[in-house]
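Undergrad: Quick one: the structure is below, questions incoming.
The values are calculated or read from the model by the stated rules, or taken from the named source; none is laboratory data. All figures in this text were calculated on a predicted structure; none of them were measured in a lab. Please note: Cβ atoms are built from the backbone with ideal geometry, for glycine as well, and neighbour counts cover all protein chains shown. The accessibility values were calculated without ligands, DNA or RNA, using every heavy atom of the protein model including side chains. Shrake-Rupley method; radii C 1.70, N 1.55, O 1.52, S 1.80 Å.
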2 protein chains.
Amino acid sequence: GGHRFASSVALDGQHFAYRTRVCQEVKAEDAGQTVRLAGWLSAERKISKKASFYSLRDASGIIQLIVRRSGESDLEDPLTKMSRTPEESVVSVLGRVKLRPQSSKNANVSTGDVELEVEGFELLNAADELPFYPHDEHNLANEDLRAKYRYLDLRRPALANNIKMRSRVAHFVEVETPMLLQTSPEGAREYLVPARLSSAMTNAPSSTPSSSAIPAAPQFYALSQSPQQPKQLLVCSGGIEKYFQFARCFRDEDGRKDRQPEFTQVDLEMAFVSWSPSAIPNGEQHHSIPGEYADEQRWRIGGTEIRNVIENVICEVWQTALGAELPPNLGVMTYRMAMEKYGSDKPDLRMNSALPRSSTHIGQITLSDSKRVIDYLVVPREDQEMLKELMALREAGVQSYVVDGKMAWEEGLARELDLSGNVQATRSGLELPEGTLLIGCARDKYLTVRQGGSTSMGKIRLRLSELAEQKYGLAYPKYCFTWITEFPLFSKDEDKEFMAHGRWSSTHHPFTAPMLEDLPLLEQGRYEKVRGQHYDLVLNGMEIGGGSVRVHSAKLQEKIFRDVLQVGSVELVGPNFCYTNSLFTTTQLTETEIKSFDHLLKALKYGAPPHGGIALGFDRLMSIICDTKSIRDVIAFPKTAGGTDPVFRSPSGIPDETLRLYGLRSM
Amino acid sequence: GGHRFASSVALDGQHFAYRTRVCQEVKAEDAGQTVRLAGWLSAERKISKKASFYSLRDASGIIQLIVRRSGESDLEDPLTKMSRTPEESVVSVLGRVKLRPQSSKNANVSTGDVELEVEGFELLNAADELPFYPHDEHNLANEDLRAKYRYLDLRRPALANNIKMRSRVAHFVEVETPMLLQTSPEGAREYLVPARLSSAMTNAPSSTPSSSAIPAAPQFYALSQSPQQPKQLLVCSGGIEKYFQFARCFRDEDGRKDRQPEFTQVDLEMAFVSWSPSAIPNGEQHHSIPGEYADEQRWRIGGTEIRNVIENVICEVWQTALGAELPPNLGVMTYRMAMEKYGSDKPDLRMNSALPRSSTHIGQITLSDSKRVIDYLVVPREDQEMLKELMALREAGVQSYVVDGKMAWEEGLARELDLSGNVQATRSGLELPEGTLLIGCARDKYLTVRQGGSTSMGKIRLRLSELAEQKYGLAYPKYCFTWITEFPLFSKDEDKEFMAHGRWSSTHHPFTAPMLEDLPLLEQGRYEKVRGQHYDLVLNGMEIGGGSVRVHSAKLQEKIFRDVLQVGSVELVGPNFCYTNSLFTTTQLTETEIKSFDHLLKALKYGAPPHGGIALGFDRLMSIICDTKSIRDVIAFPKTAGGTDPVFRSPSGIPDETLRLYGLRSM
């Protein structure tokens, strides 16, 4: 026991062992075996001072636990620990399967012939007192309360079974989440749906509809930008442990190239994902750079279960749709490596083999102030002809330098870049033949101020590959995948700065878990160094999916909001954000806005399992599979770049009297 | 040749034989066999005066046709008929498979070893001149034109193959249709989505975005109420012949019991469905009434292919989800029989066995004015005790009568119902023992004025069964299915009357095909007698799905709009209607509103195959399968009856400055 990184965040279950079974699977023939289970703990049923019964429940079913006082010190004794654990907390137990005596067998449950003699116990997430206990089926809470806490009601097997019945795929349950969601405080990219005033109730379910005689404020739904919060609530409910959906999403992205107002994402979320690298070997790396980056090409975060599911899906899709055999492992690199070696958080690795003569990996020189580095690319003499064009980039702020024979290159570089006395070579000099071209540009060492996901040097690398393709007609390999992991958890995005008033904001979204090792850095306020358990899947330089291990501890989530994002005590975002949104608009949010996020924090408090998920952009994926220039070519009835529909001719005007139904009029 | 029902509508392909193969399947080993194919006809390539080549294309592929001048009269000669058929018309051909000479084999197409020697030819739907020819791949039309006529562009195999690649189910292609659609002139039940003014282009794709400096009229999308028009356009495109989708639909139905603002329907549409009963035997009938209704329990309309698909799906779902074996055939009855015998267009057939003592079938007496009938139910003496309660229905306008021994019952009934001298028995009297209760009420003979889909007598029958269940505790059989067919194509719905100004409106929607036999009635203006090729699937008294064979002839469609629905020359509805909507609000629609339906009429003109489809209510279906009281219990995060979301607390207000982005403000 004991947490490796003692912290005021008091994080439970940060690196638990993954369960070996689900409850339902434990049968009489397993008697004598040791198994590890995870799920929700019932109230204690005392047998004596020295032993108690509990029930452990997961989405598959329920099993009886028997716990006896051990000889261990009181603190480590499972019975002591369990009796201090609130009902409906999420726990992991290790134990030996035992046959029950004939007299106490229970024919009503499928595990009724056995019980688990508990030998080890780990608290994964302690539950607050619940507003009602869903398993008290004989004493159901009133309907309004169950509606408000739907994610707790979904723990009731009768209800969860209905939802599961809808599923059409084994293991993962296909669940449809609402598309009519709530507006978020910052809603620049969401589509609004006005509600008719006669039907627009106020928020409290018990209140009466607003009278049409009294002009009421217009009420709006917002169309779902992603099922992020519904899916987290679903998995927090415990009723569904593995969720998937082909989710239609809506985003009002004016003028973005090759985007559609409505698009489809393959969305999934799983309970009980790990918080640290699993023992599963990573397999060989396909684009590996040896030396100092060797370790950065390992999956060093949690969520391996998500990775495995997605890699299997991608391999199967490539096999089915293209008859193509992908490597068993799609490769991994850290954000740091991607930015340093390729200058992009979605590196196009196809050009590694396409640019055999020029250097394809960006190098770095750390400046002596330790806060900045120079990124550089080395271009051999024989490639320099095509690089004349590149030199035009000087005008775009790129500084370049030609190494001149014997002259110490660091000194030359420093003089050329006007950084006199500020250069300190980080490695033992480069052996550069005379006339070699060195293109370089300086940047901040920590890439927490993001500039569209790439560095200046990364953009040059892309341009270089275009030029090489034009000149040499290089054939790229068709599909180069890589996972990018260990993104900075927080960033000061230049685009977001005016929104966030110079504060830290979440690089992806505020529910992404920090890396286990970086919890102390979070404690110490060194936010620029905290890395997240986020993973993007990149194909041919395009992000085709992204996800993360989520924060499942309400305390940790509150700390991130309060101390890092500084959004007041519990100032939070609406359910309808997506990670490309800037989330925080004002220092002080209103009471309504605080409330708008209340449900997720509550759900974390009532026994939320460790969980994580991912979303793949289905349109982009299909566009790559079908090798089309635009995603419009894989959509039956797409919108134009301007958001209009040339077939059905939307959007269009409506009569003023229709607007009146919503309490609206034209400006 | 020659149409059985000569008509100014000049309907092509009304009762064509279903194809025996798709083009792709015809191979060298079929040489000598006779096959029937259907698809789109290419331009003619003349070999000589006496012979020509054509190509025939369907969604599977393409095959070469060779047509020789026959000895027949010029009018019946296939070559003459084909050379008069416009390119891209939809045709059916009968012919013998022949091996091509070695020299003219084409290795580029899978049918390149064979050609079809045409022996019979039928024009299914003649094409107007197309705005562009999608198969001229080397000379593609400009992008704006292809975008506007997306349903023609989808005939291009390169594009159609992209869409098919998205599919995850064999045979039927899963296609996602837009949810952001156009508003309809009558939009009482649709949700609006305002478009930001900066991105709201005017309807013409080539125009510039409206300047934000000049206040422009607010622009709106509407959320899809059903994918009706997109799916018809998709199948008319010919790129997809069998479509399906789990479609999220949105309907703003204030206060309707157990409805959700967003719901899911299992939606499908097929090309080349038949227009008349197929040779496929109907199987036994499970709730059959012998005698005069024997023939009304047969599937006498087209669309058998849809019926078969749905019955297979339903049987498989019952097997998979419930382990229940359904009869191989779900039973059929006409609308007339359902209304006359059960008083409802969604009869609950479970009570046929549950009400063994009372009569469960309503009888009719035609009044001598021939315009009205009396519906009656016979209640034996031993059931009359529980019927005292029913007598309270008198107050609700139900007239009842007790037969008194020897008295001629018709006379007695007439006196009791105050219809003196107006009763004419239609059959040889009922043998009613003394004291038998007869409940009766009069109604119009033709049930074209619909009252929520049931007659007064039908409501009494339902109440009777509730009472019987209370009194006798009768156990209903669990699942009673029936198809209802042959609905009146047009009706004067009392609810709709104020909208339609007393005119005829479509019972379901204006694209439903009339029955083949009733085309002359349509010609003669006897609209009350015209039956539609519509089918509802009813389970336990609830409509769980409905669909129809569609009108595929632009001329017939125009006639229905112009002569029957009287909506001006081409006054039509928006793409976003659903069949429960009342469609026509004003006598004269505006130019914009006429345009809003233009695309479907055009699509019918450019070579639309005969087609039909259906939609099943997935939420309702799941609710029955899971045996829940409300559909809310099969939805993960449902809305309340008032349309609010108790978890995410939508809808809610938004800041005024957000409204300004859409050119809107509060009233």
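Undergrad: Considering only segment A:122-132, how many residues are in a strand (DSSP E or B) and open to solvent by 20 Å² or more (accessible area, probe 1.4 Å)?
TA: The first filter runs over segment A:122-132 and keeps only residues in a strand (DSSP E or B), leaving A:122-125.
Among the residues that remain, those that are also open to solvent by 20 Å² or more (accessible area, probe 1.4 Å) are: A:122-123.
Matching residues across segment A:122-132 total 2.
Undergrad: Here are some conditions: (1) within 7 Å of chain A (Cβ to nearest Cβ); (2) at pLDDT 65 or above; (3) buried (at least 24 other Cβ atoms within 10 Å of the Cβ). B:Ser224 meets all but one. Which one does it not meet?
TA: (1)
Undergrad: Anything in segment A:519-532 that is free of Cβ contacts under 8 Å to residues at least 60 places away in the same chain and surrounded by fewer than 21 Cβ atoms within 10 Å (Cβ to Cβ)? List them, or say none.
TA: Scanning segment A:519-532 gives A:Leu521, A:Gln524, A:Gly525, A:Arg526.
Undergrad: A:Asp645 versus (1) surrounded by 24 or more Cβ atoms within 10 Å (Cβ to Cβ); (2) facing chain B (nearest Cβ under 9 Å); (3) in contact with a strand residue (DSSP E or B) (Cβ under 7 Å, 6 or more places away or on another chain): which is the lone unmet condition?
TA: (3)
Undergrad: Is there a residue being assigned to a strand (DSSP E or B) and within 28 Å of A:Ser652 (Cα to Cα) anywhere in segment B:173-180?
TA: Yes, segment B:173-180 contains a residue that is assigned to a strand (DSSP E or B) and within 28 Å of A:Ser652 (Cα to Cα).
Undergrad: Among the residues of segment A:88-111, write down those that are within 18 Å of A:Glu44 (Cα to Cα) and either open to solvent by 70 Å² or more (accessible area, probe 1.4 Å) or small (Gly, Ala, Ser) (or both).
TA: Result: A:Ser89, A:Ser92, A:Gly95, A:Ser104.
Undergrad: Then there is this: Evaluate the following for A:Arg57: is it surrounded by fewer than 18 Cβ atoms within 10 Å (Cβ to Cβ), under 39 Å from the mean Cα position of the chain (by Cα) and either of a type in the set (A, V, I, L, M, F, W, C) or in a strand (DSSP E or B) (or both)? Break it down into steps so the answer makes sense when it comes.
TA: Numbers: surrounded by fewer than 18 Cβ atoms within 10 Å (Cβ to Cβ): no; under 39 Å from the mean Cα position of the chain (by Cα): yes; either of a type in the set (A, V, I, L, M, F, W, C) or in a strand (DSSP E or B) (or both): yes.
Judged against the criteria, A:Arg57 is not a match.
Undergrad: Residues being touching a strand residue (DSSP E or B) at 6+ places or on another chain (Cβ under 8 Å), open to solvent by less than 30 Å² (accessible area, probe 1.4 Å) and not acidic (Asp, Glu): count how many of those fall in segment A:295-338.
TA: Final tally of qualifying residues: 17.
Undergrad: Also, I was wondering about something else. Name every residue in segment A:621-642 that is polar (S, T, N, Q) and more than 7 Å from chain B (Cβ to nearest Cβ), in order of residue number.
TA: So the first thing to find is which residues in segment A:621-642 are polar (S, T, N, Q), and the list is A:623, A:628, A:630, A:640.
Matches in segment A:621-642: A:Ser623, A:Ser630.
Undergrad: Just one of A:Ala107, A:Ala126, A:Ala141, A:Ala147 is more than 30 Å from A:Val175 (Cα to Cα), small (Gly, Ala, Ser) and out of contact with any His (no Cβ under 9 Å at 6 or more places or on another chain); which is it? Spell out how you get there, then give the answer.
TA: Working: A:Ala126 fails: more than 30 Å from A:Val175 (Cα to Cα); A:Ala141 fails: more than 30 Å from A:Val175 (Cα to Cα); A:Ala147 fails: more than 30 Å from A:Val175 (Cα to Cα).
None of the other options fit; the residue is A:Ala107.
Undergrad: Which numbered condition trips up A:Glu117, out of (1) over 30 Å from B:Ala641 (Cβ atoms); (2) touching a residue at least 60 places away in the same chain (Cβ under 8 Å)?
TA: In the conditions (1) over 30 Å from B:Ala641 (Cβ atoms); (2) touching a residue at least 60 places away in the same chain (Cβ under 8 Å), A:Glu117 misses (2) alone.
Undergrad: Would you point out the residue of segment B:144-171, among those that are among the charged types (D, E, K, R) and over 15 Å from A:Val634 (Cα atoms), that is modelled with the highest pLDDT?
TA: First pass over segment B:144-171, keeping only residues among the charged types (D, E, K, R): B:144, B:146, B:148, B:150, B:153, B:155-156, B:164, B:166, B:168.
So of that shortlist, the ones also over 15 Å from A:Val634 (Cα atoms) come out as B:144, B:148.
Details: B:Asp144: 85, B:Lys148: 82.
Of everything passing the filter in segment B:144-171, B:Asp144 is modelled with the highest pLDDT.
Undergrad: So, one more: Evaluate segment A:127-144: report whether one residue or more is in contact with a strand residue (DSSP E or B) (Cβ under 6 Å, 6 or more places away or on another chain) and touching a residue at least 60 places away in the same chain (Cβ under 8 Å). Reasoning before the result, please.
TA: If we filter segment A:127-144 for residues that are in contact with a strand residue (DSSP E or B) (Cβ under 6 Å, 6 or more places away or on another chain), which is where we start, we get none.
No, segment A:127-144 contains no residue that is in contact with a strand residue (DSSP E or B) (Cβ under 6 Å, 6 or more places away or on another chain) and touching a residue at least 60 places away in the same chain (Cβ under 8 Å).
Undergrad: Anything in segment A:652-667 that is assigned to a loop (DSSP other than H, G, I, E, B), without any contact (Cβ under 8 Å) to a residue 40 or more places away in the chain and not small (Gly, Ala, Ser)? List them, or say none. It would help to see each step written out before you state the result.
TA: Just the residues of segment A:652-667 that are assigned to a loop (DSSP other than H, G, I, E, B), to begin with: A:653-655, A:661-663, A:667.
The next check asks that each one be without any contact (Cβ under 8 Å) to a residue 40 or more places away in the chain; those that pass are A:653-655, A:667.
Those that are assigned to a loop (DSSP other than H, G, I, E, B), without any contact (Cβ under 8 Å) to a residue 40 or more places away in the chain and not small (Gly, Ala, Ser): A:Ile654, A:Pro655, A:Met667.
Undergrad: Select, from A:Glu262, A:Glu253, A:Glu241, the only residue that is modelled with pLDDT under 90 and either under 19 Å from the mean Cα position of the chain (by Cα) or facing another protein chain (nearest Cβ under 7 Å) (or both). Explain how you work it out, then say what you get.
TA: Values: A:Glu262 fails: modelled with pLDDT under 90; A:Glu253 fails: either under 19 Å from the mean Cα position of the chain (by Cα) or facing another protein chain (nearest Cβ under 7 Å) (or both).
Every option except A:Glu241 fails the conditions.
Undergrad: Confirm whether B:Glu143 is open to solvent by less than 40 Å² (accessible area, probe 1.4 Å) and of a type in the set (Asp, Glu). Walk me through how you get there before you give the answer.
TA: Numbers: open to solvent by less than 40 Å² (accessible area, probe 1.4 Å): no; of a type in the set (Asp, Glu): yes.
Answer is no for this residue.
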